[in-house]
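Okay, structure first, notes after.
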Amino acid sequence: MDHIGSGVLIVEDQWMLAMDLSMSLSQEGVTTIGPSRDVDEVMDVLVRTRPRAAILDINLGSGTTSEPVADELIRMGVPFAFLSAYTSDNSIAQKFPAALFASKPVGRYKLIRFLDALLESA
């Protein structure tokens, strides 16, 4: 896992899942940025930090999505993936054809393989 390096951004609205993702990555030696569910907060972070990769929940509650974050990550050249309970949302897949998608819940082993694939696609 050391080829992944550090700085994986996590954008997730379900606090327990966000902490599980962060802990799973930390146990593999990966530093995480976040987690956060607030798009404005994440955009502020992206002004100061360039993550190595990002894992984004699509729907962040209250009608908010992570699409603006995905747009900024594309602009920055940062690989990202969507981790969502809504895997049948074709509009997101069409808007972000290069993004990887995984459905919730995701176990630790699958998360690590998913992150490896994400970084290999970059």
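Contour minus end-to-end for TYR109 and ASP44, with contour as 0.36 nm per residue of separation and end-to-end as the Cα-Cα distance?
Fully extending the segment from TYR109 to ASP44 adds 20.3 nm.
Expressed in nm to one decimal, what extension gain is obtained for the pair ALA117 and PHE101 from 0.36 nm per residue of sequence separation less their Cα-Cα distance?
Between ALA117 and PHE101, full extension yields an extra 4.7 nm.
Suppose a student asked you for the relative contact order of segment 53-110, using Cα pairs under 8 Å spaced at least 6 residues apart; what percent would you report?
Computed over segment 53-110, the figure is 33 percent.
Ignoring ligands, DNA and RNA, what accessible area per residue does segment 22-122 give at 1.4 Å, in Å²?
Ligands and nucleic acids excluded, the result is 53 Å² per residue.
Can you tell me what share of the DSSP beta bridges in the chain is antiparallel? A percent to the nearest 5 is fine.
Here the antiparallel bridges make up roughly 5 percent for the chain.
Per DSSP H run of at least 4 residues, take -39500 (n - 2.57); add these up for the chain, divide by its residues and hand me the 222 nm value, nearest 500 deg cm²/dmol.
Computed mean residue ellipticity for the chain: -12500 deg cm²/dmol.
Using only the Cα atoms, work out Rg/Rh for segment 57-115, with Rh taken as the Kirkwood radius, to two decimals.
We get a ratio of 0.95 for segment 57-115.
Relative contact order (percent) for segment 1-104, with alpha-carbon contacts under 8 angstrom and 6 or more residues of separation?
25 percent.
With θ taken as phi - 60° and the coefficients 6.51, -1.76 and 1.60, list the Karplus ³J(HN,Hα) couplings across segment 90-100 in order, rounded to whole Hz; mark glycine and proline as x.
5, 5, 5, 4, 6, 6, 10, x, 7, 6, 8
Rounding to the nearest 20 debye, state how big the charge dipole of the chain is about its Cα centre with +1 on each Lys and Arg Cβ and -1 on each Asp and Glu Cβ.
280 debye
Find, to one decimal place in angstroms, the Kirkwood hydrodynamic radius of the chain, where the mean of 1/r is taken over every pair of different Cα atoms and then inverted.
Final number for the Kirkwood radius of the chain is 14.1 Å.
At 7 Å along the Cα-to-beta-carbon direction for both THR64 and ALA85, put a label point, then send me their distance in nm to one decimal.
With each label point 7 Å from Cα toward Cβ, the separation is 1.8 nm.
Ignoring any ligand, DNA or RNA, what whole percent of the accessible area of segment 1-65 comes from carbon and sulfur when the probe is 1.4 angstrom?
On segment 1-65, the fraction of accessible area on carbon and sulfur atoms equals 49 percent.
The values are calculated or read from the model by the stated rules, or taken from the named source; none is laboratory data. Everything numeric here is computed off the predicted structure, so don't read it as measured data. Heads up, the Cβs are rebuilt from the backbone with ideal geometry, glycines too, and the neighbour counts pull from every protein chain shown. Remember, those area values only see protein heavy atoms, side chains included, never the ligands or the DNA or RNA. Shrake-Rupley method; radii C 1.70, N 1.55, O 1.52, S 1.80 Å.
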